[in-house]
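A.B. asks: One structure, pasted below without further comment.
The values are calculated or read from the model by the stated rules, or taken from the named source; none is laboratory data. For clarity, every value in this text was computed on a predicted model and none was experimentally measured. Cβ: placed from backbone, ideal geometry, glycine included. Neighbour counts: every protein chain shown.
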Amino acid sequence: MKITVTGGDIAQHKADAIIVNLFEGVKKPGGATGAVDQALDGAISDELASTAAFKSKLGETWIFNTYGKLPARYVIVTGLGKQEDFDSAKIRRASAAAVRACLRLKVSSAASIIHGAGIGGHDAESAARLVAEGMLLGAYKFDKRKQKKNDDKAPELSTFALVEHDAKKLDKVKQGAKTGEVIAHGVNTARDLVFDSPNNVTPATLRDVAQGIKGLTVSVLERKDLEKLGMGAFLSVARGSDEPPYLLHMSYKPPKKARKKVAIVGKGITFDSGGLSLKPPQSQETMKMDMAGAAAVLGTMKAIAELGDLDIQVDGFVATCENMPSGRASRPGDIVKTMNGKTVEILNTDAEGRLILIDTLTYAQKETDPDEMIDLATLTGACVIALGEVASGLMTSDQGLADRIIKAGEPAGEKFWQLPLYEEYQEMLKSDVADLKNIGAKGQAGTSSAGMFLKNFVDEGRKWAHLDIAGPAYTSTDQPEVPKGATGVGVRTLLYYLYGLN
Ligand code: BES
Ligand code: ZN
Ligand code: ZN
């Protein structure tokens with residue numbers, strides 16, 4: 001789908017469907033929606049007055065046939081919810097709900113006003129960015145592995161116009177729409193990788209994706225490199241699989257001197273069987289998603305490379321392998337030596353994410369000495385139990401960094417809830433025979449003890465945040481801007497944080 005920006009009056013715009021909006025409780029539409037209402041001889045206000053169902057709640061859409069009174073065949077009114085609750089995330093959602101209505105109507109062209117730019121009080125650039133994000137996120141579907149697409153005969157929604165009546169704002173709107181497009185493509189790249197099957201997305205696939213991103217310096221470490229670096233923890237996970245492991249390093253450097261250096265690190269287990277501590281079949285069903293952290297890093301790096309105007313150096317690291325049982329797989333009881341010298345007793349081979357991450361965190365710090373380091377990982381089932389699919393867990397060595405990430409998540413439409421890293425959790429990780437064991441106390445603080453395990457490999461004084469995205473990475477409910485299944489969680493929050501968007 002292509003997004004274009006044009007000036008003029010939405011009522012006169014020629015497209016199969018035009019999209020206007022309403023706040024909840026408004027009975028007499030004003031602005032562009034009012035003009036469209038008038039052109040329809042008051043059809044919208046009539047409907048508002050006569051049905052109790054049409055409330056303009058957020059996510060609701062209402063469709064009118066224009067019967068030739070306007071150049072468009074349909075008018076879609078998208079609800080903005082209550083005016084007092086209106087914010088960036090709601091612009092994105094209202095826009096996504098409208099595009100979903102377009103898909104149901106099977107129209108091939110649509111045009112929208114820029115929700116929030118007028119009465120909503122948002123500046124034209126960010127409102128246009130949010131509307132563009134909503135369009136492309138809402139229109140997303142993963143059907144590339146189906147021979148027969150669900151809607152084979154229907155025309156694709158191929159053109160989407162943002163219509164701004166104020167000519168002075170057109171440049172800002174164009175800029176915002178472009179940024180929104182890049183952000184949404186970053187999210188959808190992550191979704192594609194997480195949705196696709198584990199036989200199609202292997203560590204080599206992630207390597208190819210990283211190498212295919214233009215504008216970054218990409219280096220690939222192979223098994224022999226990991227051996228040379230002494231990454232015994234990472235290698236212990238890869239042992240059981242026939243697929244070779246990779247550590248990917250993508251680097252974005254700004255044209256001028258970087259304001260700061262941020263490292264982002266993703267867990268890329270392309271399939272987590274549990275290893276010899278085998279998961280039951282039902283738990284294995286969705287374990288293709290155990291590379292969602294890596295997908296978020298790849299999607300974010302791709303967007304940064306495309307936008308190209310960030311004044312921060314960003315280094316993206318992806319640790320990727322499979323976790324499989326075999327005659328060569330790690331055994332519960334094995335002791336491995338990590339890159340930083342500490343030894344780990346592996347008591348459960350299903351706690352593999354933390355093993356690949358610790359060597360990668362060590363490497364990221366050695367390579368780039370980052371001012372801030374953020375890792376994303378589908379790390380613990382306990383986090384899903386604590387927070388559900390609604391929020392990611394956040395653990396940190398630096399409260400300022402944590403606060404900034406949580407804040408960036410708000411306009412990004414992603415929730416992060418902080419969990420503690422109390423010193424007491426360190427006790428749970430003591431091993432009788434090695435420096436650490438890879439699991440904590442059964443049934444206790446599983447997410448925090450995993451975070452604490454990682455913290456053992458974070459340098460003293462380093463600003464670090466760990467995002468446990470196990471819940472929101474792959475969901476069972478559909479939201480207008482987030483499909484059921486792979487969500488691409490993390491990409492928007494990272495980009496909003498790094499670019500200071502809101
Ligand atoms: N990949 C899983 C965590 C997970 C579970 C992600 C459910 C998404 C949904 C991770 O590797 C794992 O298996 N963790 C174990 C740790 C335990 C053995 C200490 C878990 O959470 O059960
Ligand atoms: Zn596991
Ligand atoms: Zn895992």
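A.B. asks: Which one is surrounded by the fewest Cβ atoms within 10 Å (Cβ to Cβ), of the residues in region 446-457 that are away from ligand 1 (no atom under 11 Å from the Cβ) and of a type in the set (A, V, I, L, M)?
C.D. replies: Across region 446-457, the extreme among qualifying residues is L454.
A.B. asks: Taking region 310-319, which residues are touching a helix residue (DSSP H, G or I) at 6+ places or on another chain (Cβ under 9 Å) and either over 27 Å from M428 (Cα atoms) or surrounded by fewer than 22 Cβ atoms within 10 Å (Cβ to Cβ) (or both)?
C.D. replies: L310, I312, Q313, V314, D315, G316, F317, V318
A.B. asks: Among the residues that make up region 376-384, is at least one of them among the β-branched types (V, I, T), touching a Pro at 6+ places or on another chain (Cβ under 6 Å) and within 15 Å of ligand 2 (Cβ to nearest atom)?
C.D. replies: No, region 376-384 contains no residue that is among the β-branched types (V, I, T), touching a Pro at 6+ places or on another chain (Cβ under 6 Å) and within 15 Å of ligand 2 (Cβ to nearest atom).
A.B. asks: Test each condition in (1) surrounded by 13 or more Cβ atoms within 10 Å (Cβ to Cβ); (2) farther than 21 Å from A486 by Cα; (3) charged (D, E, K, R) for D192 and report the one that comes out false.
C.D. replies: (2)
A.B. asks: Determine whether L421 is assigned to a loop (DSSP other than H, G, I, E, B) and either within 18 Å of the chain's Cα centre (by Cα) or under 30 Å from G500 (Cβ atoms) (or both).
C.D. replies: Taking the combined requirement at face value, the residue satisfies it.
A.B. asks: May I pose another question? Would you be able to tell me the number of residues in region 70-99 that are among the hydrophobic types (A, V, I, L, M, F, W, C) and under 19 Å from the mean Cα position of the chain (by Cα)?
C.D. replies: Residues flagged as among the hydrophobic types (A, V, I, L, M, F, W, C) and under 19 Å from the mean Cα position of the chain (by Cα) within region 70-99 amount to 5.
A.B. asks: Kindly provide the set of residues from region 458-481 that are β-branched (V, I, T) and surrounded by 24 or more Cβ atoms within 10 Å (Cβ to Cβ), ordered by number.
C.D. replies: Correct list: I469 only.
A.B. asks: Here's another thing I want to ask about it. Given (1) part of a helix (DSSP H, G or I); (2) more than 20 Å from Q365 (Cβ to Cβ), where does I405 come up short, assuming only one miss?
C.D. replies: Of (1) part of a helix (DSSP H, G or I); (2) more than 20 Å from Q365 (Cβ to Cβ), only one is false for I405: (2).
A.B. asks: Hey, can you tell me all the residues within region 345-360 that are assigned to a loop (DSSP other than H, G, I, E, B), within 6 Å of ligand 1 (Cβ to nearest atom) and not acidic (D, E)?
C.D. replies: Once the filter is applied, which keeps residues that are assigned to a loop (DSSP other than H, G, I, E, B), within 6 Å of ligand 1 (Cβ to nearest atom) and not acidic (D, E), region 345-360 yields N348, A351.
A.B. asks: S95 fails exactly one of the following numbered conditions: (1) modelled with pLDDT of 95 or more; (2) surrounded by fewer than 22 Cβ atoms within 10 Å (Cβ to Cβ). What is the number of that condition?
C.D. replies: Looking at each condition in turn, S95 falls short on (2).
A.B. asks: I need the full set of residues from region 362-372 which are of a type in the set (A, V, I, L, M) and either over 17 Å from G490 (Cβ atoms) or in contact with a helix residue (DSSP H, G or I) (Cβ under 6 Å, 6 or more places away or on another chain) (or both), in order please.
C.D. replies: Those that are of a type in the set (A, V, I, L, M) and either over 17 Å from G490 (Cβ atoms) or in contact with a helix residue (DSSP H, G or I) (Cβ under 6 Å, 6 or more places away or on another chain) (or both): none in region 362-372.
A.B. asks: Can you name every residue in region 222-279 that is of a type in the set (A, V, I, L, M, F, W, C), over 24 Å from the mean Cα position of the chain (by Cα), away from ligand 1 (no atom under 16 Å from the Cβ) and not in a loop (DSSP other than H, G, I, E, B)?
C.D. replies: L226, L229, L235
A.B. asks: For region 361-402, what are the residues that are in a strand (DSSP E or B), within 16 Å of ligand 1 (Cβ to nearest atom) and not aliphatic (A, V, I, L, M)?
C.D. replies: D375, S392, G393
A.B. asks: Sort out which residues of region 433-458 are free of Cβ contacts under 8 Å to residues at least 40 places away in the same chain, part of a loop (DSSP other than H, G, I, E, B) and farther than 13 Å from I385 by Cβ, and write them in order of number.
C.D. replies: G440, A441, K442
A.B. asks: May I pose another question? Can you spot a residue in region 323-343 that is among the charged types (D, E, K, R), within 16 Å of ligand 2 (Cβ to nearest atom) and surrounded by 19 or more Cβ atoms within 10 Å (Cβ to Cβ)?
C.D. replies: No, region 323-343 contains no residue that is among the charged types (D, E, K, R), within 16 Å of ligand 2 (Cβ to nearest atom) and surrounded by 19 or more Cβ atoms within 10 Å (Cβ to Cβ).
A.B. asks: Separate question: Could you tell me whether region 233-251 includes any residue that is in contact (Cβ under 8 Å) with a residue 40 or more places away in the chain, farther than 23 Å from V201 by Cα and out of contact with any Cys (no Cβ under 6 Å at 6 or more places or on another chain)?
C.D. replies: Among the residues of region 233-251, not one is in contact (Cβ under 8 Å) with a residue 40 or more places away in the chain, farther than 23 Å from V201 by Cα and out of contact with any Cys (no Cβ under 6 Å at 6 or more places or on another chain), which makes the answer no.
A.B. asks: Let me ask something else about it. Kindly list, by first and then second residue, each pair from a residue in region 260-284 that is within 17 Å of A210 (Cβ to Cβ) to a residue that is part of a strand (DSSP E or B) and among the aromatic types (F, W, Y), limited to pairs with Cβ atoms under 6 Å and residues at least 6 apart or on different chains.
C.D. replies: V265/F317
A.B. asks: Mind checking which residues of region 331-352 are of a type outside the set (A, V, I, L, M) and within 14 Å of ligand 3 (Cβ to nearest atom)?
C.D. replies: Passing the criteria: N348, T349, D350, E352.
A.B. asks: Checking L276 against (1) within 16 Å of ligand 2 (Cβ to nearest atom); (2) buried (at least 23 other Cβ atoms within 10 Å of the Cβ), which test does it fail?
C.D. replies: (2)
A.B. asks: Same structure, new question: If we scan region 378-385, do we find a residue that is over 17 Å from the mean Cα position of the chain (by Cα) and away from ligand 3 (no atom under 16 Å from the Cβ)?
C.D. replies: Within region 378-385 (the criterion being over 17 Å from the mean Cα position of the chain (by Cα) and away from ligand 3 (no atom under 16 Å from the Cβ)), the answer is no, since none of the residues qualifies.
A.B. asks: Which one of these does V482 not meet: (1) in contact with a Lys or Arg (Cβ under 8 Å, 6 or more places away or on another chain); (2) away from ligand 3 (no atom under 16 Å from the Cβ); (3) not acidic (D, E)?
C.D. replies: V482 satisfies all of (1) in contact with a Lys or Arg (Cβ under 8 Å, 6 or more places away or on another chain); (2) away from ligand 3 (no atom under 16 Å from the Cβ); (3) not acidic (D, E) except (1).
A.B. asks: Can you name every one of the strands (runs of 3 or more DSSP E) wholly within region 1-118 that holds 1 or more residues which are without any contact (Cβ under 8 Å) to a residue 12 or more places away in the chain?
C.D. replies: Fully inside region 1-118 and qualifying: 61-65.
A.B. asks: Could you tell me whether region 215-229 includes any residue that is closer than 26 Å to V384 by Cα, surrounded by 20 or more Cβ atoms within 10 Å (Cβ to Cβ) and touching a residue at least 12 places away in the same chain (Cβ under 8 Å)?
C.D. replies: Taking every residue of region 215-229 in turn, none turns out to be closer than 26 Å to V384 by Cα, surrounded by 20 or more Cβ atoms within 10 Å (Cβ to Cβ) and touching a residue at least 12 places away in the same chain (Cβ under 8 Å).
A.B. asks: Please find, among E367, E389, the residue that is touching a His at 6+ places or on another chain (Cβ under 8 Å), surrounded by fewer than 19 Cβ atoms within 10 Å (Cβ to Cβ), in contact (Cβ under 8 Å) with a residue 24 or more places away in the chain and over 18 Å from S449 (Cα atoms).
C.D. replies: After ruling out the rest, the residue left standing is E367.
A.B. asks: Applying the selection to region 280-300, what residues are surrounded by fewer than 23 Cβ atoms within 10 Å (Cβ to Cβ), assigned to a helix (DSSP H, G or I) and within 15 Å of ligand 3 (Cβ to nearest atom)?
C.D. replies: S283, Q284, M287 - these are the residues of region 280-300 that are surrounded by fewer than 23 Cβ atoms within 10 Å (Cβ to Cβ), assigned to a helix (DSSP H, G or I) and within 15 Å of ligand 3 (Cβ to nearest atom).
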